[in-house]
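Have a look at the structure below, then the notes.
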Amino acid sequence: MSIPIDLQSTYQLYIGGQWRDASDGGTLTTYNPATGDKLADIAQATQEDVEAAVAAGRAAFPTWSKTTAQERSQILLDIADILEENQELLATVETLDNGKPIRETSTVDIPASIDHFRYFAGVLRADEGTATMVDGSMLSVVLHEPLGVVGQIVPWNFPFLMGAWKLAPAIAAGDCIVFKPSSTTSLSILEFARLVGDKLPAGVLNVITGSGSKSGEYLKNADVDKLAFTGSTEVGRDIALAAAKKIIPATLELGGKSANAFFDDCDRDLAIEGVQLGILFNQGQVCCAGSRIFVQDTFYDEFMELVTKAFTKVKVGDPLDPTTQMGAQINEGQLKKILSYVEIGESEGAKIAVGGHRATEGDLGKGAFLEPTLLVDVDNKMRVAQEEIFGPVGVVIKFHDEADLIEKANDSVYGLGGGVFTQDLGRALRVANGIHTGRVWVNTYNQIPAGAPFGGYKESGIGRETYKSILNAYQQVKNIMINLGTEPAGLYPQD
Ligand code: NAD
């Protein structure tokens with residue numbers, strides 16, 4: 001597999017508008033999960049580097065925070081245009097670094113990210129304070145102000161898109177940013193900084209790379225005014241504690257174990273695509289993956305026949321091949337973790353209906369490839385039905401009626417996504433209302449456009465992204481109370 005673009009062999013940190021090595025020269029290596037080949041070395045940011053990035057943000061903030069909404073909106077539009085001109089490069093980098101198929105990076109990850117910058121360019125122009133006469137003589141004016149320097153940390157499953165979800169509203173709000181991608185997948189955001197860094201004043205965007213346990217820890221404990229995190233619930237809890245200690249806000253987009261439900265009256269074509277969108281998109285490495293597949297008992301046999309056939313036909317292969325439908329898992333470690341869950345499921349009494357193994361055909365043995373997998377005879381109490389597997393492994397669970405489905409779907413510590421497939425609109429809405437999650441898709445799955453709020457109930461997080469309300473999560477609210485009267489209130493009379 002030859003690499004179709006020129007990657008740098010080494011990527012530095014982007015701090016205060018300059019590229020520089022880590023202060024101790026430390027680096028990490030990033031690999032192509034489809035081949036195991038080395039892609040590049042990236043810097044491992046030290047505490048000194050993280051502090052320098054925060055200081056660069058602090059230095060830039062007084063001027064940047066005073067820019068007008070028009071100016072920042074135009075910058076977001078300019079960034080979107082540059083990204084659009086470089087779509088192919090970015091999609092290829094993302095595919096190489098993450099292992100996800102090029103047909104996804106070129107039609108979802110990168111275009112959706114570009115649209116995010118355009119969306120927040122618009123949201124920003126429509127962002128307004130308020131003025132209210134609270135009584136006859138008191139005028140309350142509410143203004144939105146930028147927060148300051150924000151720390152943003154994202155995971156490896158959608159490195160660029162999760163970046164766009166955080167960067168666009170923070171830039172819109174007028175904040176300065178210290179951004180940390182996952183050490184496994186830093187290249188697309190580093191390319192982003194190379195492409196658009198000079199569209200922003202020096203210090204507004206700082207990108208520090210490195211492992212979570214070092215560079216991430218330094219950022220978590222740095223002198224920032226907000227922490228925005230996407231990743232596992234385990235690390236998210238630590239981020240929330242760090243924010244609480246500093247009394248700063250934190251927004252958290254965390255894990256999930258979402259229910260994707262199929263009633264016997266569903267449209268068969270939509271349903272079969274919906275199962276696959278739910279658990280095979282991005283190799284199942286999706287926080288809101290439809291990983292618990294609930295099927296009405298009256299539809300079960302037909303459903304299994306149809307989905308087993310569909311899963312067997314999925315093309316697992318070279319992520320750069322535009323016909324590939326499923327690429328590589330992120331790395332060997334994750335692949336082993338996923339396969340261990342298949343074993344756990346079997347030991348709990350589940351059976352493999354399809355897949356369940358590494359894909360090794362041709363050159364696939366060199367990379368971290370898995371077969372699309374379904375486990376059946378699963379009970380919702382089993383570990384495979386309760387824990388996030390984060391791979392292309394769906395567990396199929398029978399349900400009887402709406403009430404049974406809602407009860408089982410809600411029996412989870414998570415509450416991020418969910419799906420319901422039926423042609424009965426009333427039933428779809430009853431189920432959607434009954435499931436305690438932030439997003440429910442009806443007759444589709446894993447659609448994530450800008451302009452619709454995305455985020456979790458329960459242990460899946462706090463806050464909503466991809467929607468205008470996240471702009472406010474990057475702002476302070478200033479209230480100015482103006483007395484329009486000419487007489488003192490009379491509480492301290494002078495005679
Ligand atoms: P992770 O929690 O291990 O890492 C996420 C990020 O945090 C990475 O950049 C990592 O370097 C950093 N990090 C790790 N330890 C840290 C620490 N102690 N201090 C500071 N930073 C630290 O998650 P992951 O394995 O990269 O991603 C998979 C997880 O992300 C899954 O649980 C998935 O559900 C979740 N996720 C959620 C959403 C959402 O929107 N809710 C979206 C994508 C992924």
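Of note:
- Whole-number percent relative contact order across segment 189-346, with pairs defined as alpha carbons under 8 Å at least 6 apart: 14
- Ligands, DNA and RNA aside, ARG125 has an accessible area near 140 Å² when probed at 1.4 Å.
- LYS468 contributes about 110 Å² of solvent-accessible surface, heavy atoms of the protein only, 1.4 Å probe.
- Antiparallel DSSP beta bridges within the chain, percent to nearest 5: 45
- Ellipsoid semi-axes in whole angstrom, largest first, where each is sqrt(5λ) of the Cα gyration tensor of segment 27-165: 37, 21, 13
- Solvent-accessible surface (1.4 Å probe) assigned to ILE208 amounts to roughly 0 Å².
- Taking amide H positions as modeled 1.01 Å from N, with prolines and chain starts lacking one, the residues under 5 Å from ASN443 and 5 or more places away or on another chain are VAL420, PHE421, THR422.
- For the chain, relative contact order (Cα pairs under 8 Å, six or more residues apart, normalised by length) works out to 18 percent.
- One Cα centroid belongs to segment 229-303, the other to segment 304-341; the line between them spans 17 Å.
- Nearest-20 debye value, the chain charge dipole, Cβ charges on Lys, Arg, Asp, Glu: 620
- Solvent exposure ordering (accessible area, 1.4 Å, most first) of ILE406, ILE279: ILE406, ILE279
- Comparing ALA310, GLY434, VAL286 along the charge dipole axis of segment 259-442, the residue lying farthest to the positive side is VAL286, per the Cβ-charge model.
- Shape call, the chain: gyration tensor on alpha carbons, a/c limit 1.5: oblate
- If you take all other residues with their beta carbon under 12 Å from the beta carbon of PHE454, and give Lys and Arg +1 and Asp and Glu -1, the sum is 0.
- Sorting VAL275, VAL108 by accessible area puts them as VAL108, VAL275; the probe is 1.4 Å, largest comes first, and only protein heavy atoms count.
- Cross-link pairs beyond the 21 Å C-alpha cut-off, checked among LYS257/LYS313; LYS458/LYS478; LYS214/LYS246; LYS226/LYS468; LYS100/LYS313: LYS257/LYS313; LYS458/LYS478
- Surrounding net charge for GLN423, when Lys and Arg each add one and Asp and Glu each subtract one, Cβ distance under 13 Å: -3
- Residue order by solvent-accessible surface for TYR492, TYR119 is TYR492, TYR119, largest first, with ligands and nucleic acids left out and a 1.4 Å probe.
- Assigned charges on the beta-carbon of Lys, Arg, Asp, Glu; segment 259-442 dipole about Cα centre (debye): 500
- Around GLU51: net Lys/Arg minus Asp/Glu count, Cβ-Cβ under 12 Å: -2
- Segment 353-411-segment 107-145 distance, computed between alpha-carbon centres (Å): 41
- Relative contact order of segment 259-442, defined on C-alpha pairs under 8 angstrom at six or more residues apart (%): 28
The values are calculated or read from the model by the stated rules, or taken from the named source; none is laboratory data. No experiment lies behind these values; they were computed from the predicted model shown. Glycine also receives a Cβ, built like all others from the backbone with ideal geometry; neighbour counts cover every protein chain displayed. Side chains included, ligands, DNA and RNA excluded: accessible areas come from the protein's heavy atoms. Shrake-Rupley method; radii C 1.70, N 1.55, O 1.52, S 1.80 Å.
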